[in-house]
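Student: I have a structure I would like to understand better, so I am pasting it below and will then ask my questions one at a time.
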Amino acid sequence: MPVHVSIHDVTPAWAAEVDAALHACAEVGIKPGLLVIPNYHGAWPLDDHPDYAERLRGWQAAGHEIFLHGYYHLTGAGPRTAAATGHAAPRGLRRLWAQKVVSGGEAEFSDVGEAEARRRLDDGEAVLRRAGLEQLDGFIAPAWSMPPWMHAVLRERGYRYTEDHLHVYDPATGTRRASLVLNYASRTPARLWSSLLYCRLARPARRFLPTRVAIHPADMRHAVLRKEIHDLLRWAVGDAVVPARALVEA
């Protein structure tokens, strides 16, 4: 089955770690997709880093896919709150799951209403246009967490690719396909070692499911994860694909 490799959280804030992940991919001949955050945590606006925008243009010209990856990648960031019109922001257990279990308060698009989600898409797309990026290859929500109504919003805007923990999608056609995702978590030692074990045990499922390898910059700060990522990339290289949409069509 096809395997797509991506680097999440591409921002000047993680410049050195993103470079390390790109180098690891280049060593095995893989061109990963890049998930770009327009204003990481409200403190790293891409508009203020023209040198990094130039690097993004170079990567896109070299064949790397570019995905919009939220706007702030942080819950509660920015001056706006969830609007009262349209779909509302989640509450209760759903919010707890998104913000405390699958992320450390970074499931940005899981925590806003529809009007605010549309504004952040507008703003994010505008930032990447100003950076000179020719096209976007998809939208991927931070922490792979967004409400179901976001698919209609993405379809209206012409997006051809998105994903969550369990599936990959083409919003334009409504196509959905189950997919395996392999990624590491390093917020705590327990998460690090459990995610490492999961990635090793889950690899055989690649025979049955299109697979995503998701590298996060923080992974590159841990020697054990750097080694695991190198091994995982070598394992993936024979079936590595571009574009990501090939996973939906597999």
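The values are calculated or read from the model by the stated rules, or taken from the named source; none is laboratory data. Remember, it's a predicted structure, so these values are computed and weren't measured experimentally. Positions of Cβ are generated from backbone atoms using ideal geometry, with glycine treated the same way; all protein chains shown enter the neighbour counts. Note: areas computed on protein heavy atoms with side chains; ligands, DNA, RNA excluded. Shrake-Rupley method; radii C 1.70, N 1.55, O 1.52, S 1.80 Å.
Student: Can you say whether Leu180 is aliphatic (A, V, I, L, M) and either at pLDDT below 95 or surrounded by 15 or more Cβ atoms within 10 Å (Cβ to Cβ) (or both), as far as the supplied structure shows?
Tutor: Yes.
Student: Across the stretch 191-229, which residue is most open to solvent (accessible area, probe 1.4 Å) among those that are in a loop (DSSP other than H, G, I, E, B) and closer than 24 Å to Glu27 by Cα?
Tutor: Among them, the one singled out is His222.
Student: Got a number for residues in the stretch 128-146 being touching a Lys or Arg at 6+ places or on another chain (Cβ under 9 Å), open to solvent by less than 10 Å² (accessible area, probe 1.4 Å) and within 27 Å of Tyr184 (Cα to Cα)?
Tutor: 2
Student: How many residues are touching a residue at least 24 places away in the same chain (Cβ under 8 Å) and within 14 Å of the chain's Cα centre (by Cα) when one looks only at the stretch 152-184?
Tutor: Final tally of qualifying residues: 10.
Student: Considering only residues that are open to solvent by 30 Å² or more (accessible area, probe 1.4 Å) and closer than 15 Å to Ile215 by Cβ, which ones fall in the stretch 18-54?
Tutor: Within the stretch 18-54, Asp19, Ala20, His23, Ala26, Glu27, Val28, Lys31 qualify.
Student: Checking Arg95 against (1) farther than 23 Å from Val237 by Cα; (2) out of contact with any strand residue (DSSP E or B) (no Cβ under 7 Å at 6 or more places or on another chain); (3) at pLDDT 95 or above, which single condition isn't satisfied?
Tutor: Unmet condition: (3).
Student: So which of Gly105, Gly124 is under 26 Å from Pro12 (Cβ atoms), within 17 Å of the chain's Cα centre (by Cα) and modelled with pLDDT of 95 or more?
Tutor: It is Gly124.
Student: Filter the stretch 29-50 down to residues that are touching a residue at least 40 places away in the same chain (Cβ under 8 Å) and either aromatic (Phe, Trp, Tyr) or in a strand (DSSP E or B) (or both), then give me how many there are.
Tutor: Qualifying residue count for the region: 5.
Student: Could you check, for the stretch 202-217, whether at least one of its residues is closer than 23 Å to Ala16 by Cβ and more than 18 Å from the chain's Cα centre (by Cα)?
Tutor: For the stretch 202-217, residues closer than 23 Å to Ala16 by Cβ and more than 18 Å from the chain's Cα centre (by Cα): absent.
Student: Would a scan of the stretch 109-127 turn up a residue that is touching a residue at least 12 places away in the same chain (Cβ under 8 Å), within 30 Å of Leu192 (Cβ to Cβ), open to solvent by 10 Å² or more (accessible area, probe 1.4 Å) and hydroxyl-bearing (Ser, Thr, Tyr)?
Tutor: Looking through the stretch 109-127, none of the residues is touching a residue at least 12 places away in the same chain (Cβ under 8 Å), within 30 Å of Leu192 (Cβ to Cβ), open to solvent by 10 Å² or more (accessible area, probe 1.4 Å) and hydroxyl-bearing (Ser, Thr, Tyr).
Student: Is the stretch 55-71 home to any residue that is at pLDDT 95 or above, open to solvent by less than 70 Å² (accessible area, probe 1.4 Å), under 17 Å from Ala143 (Cβ atoms) and small (Gly, Ala, Ser)?
Tutor: yes
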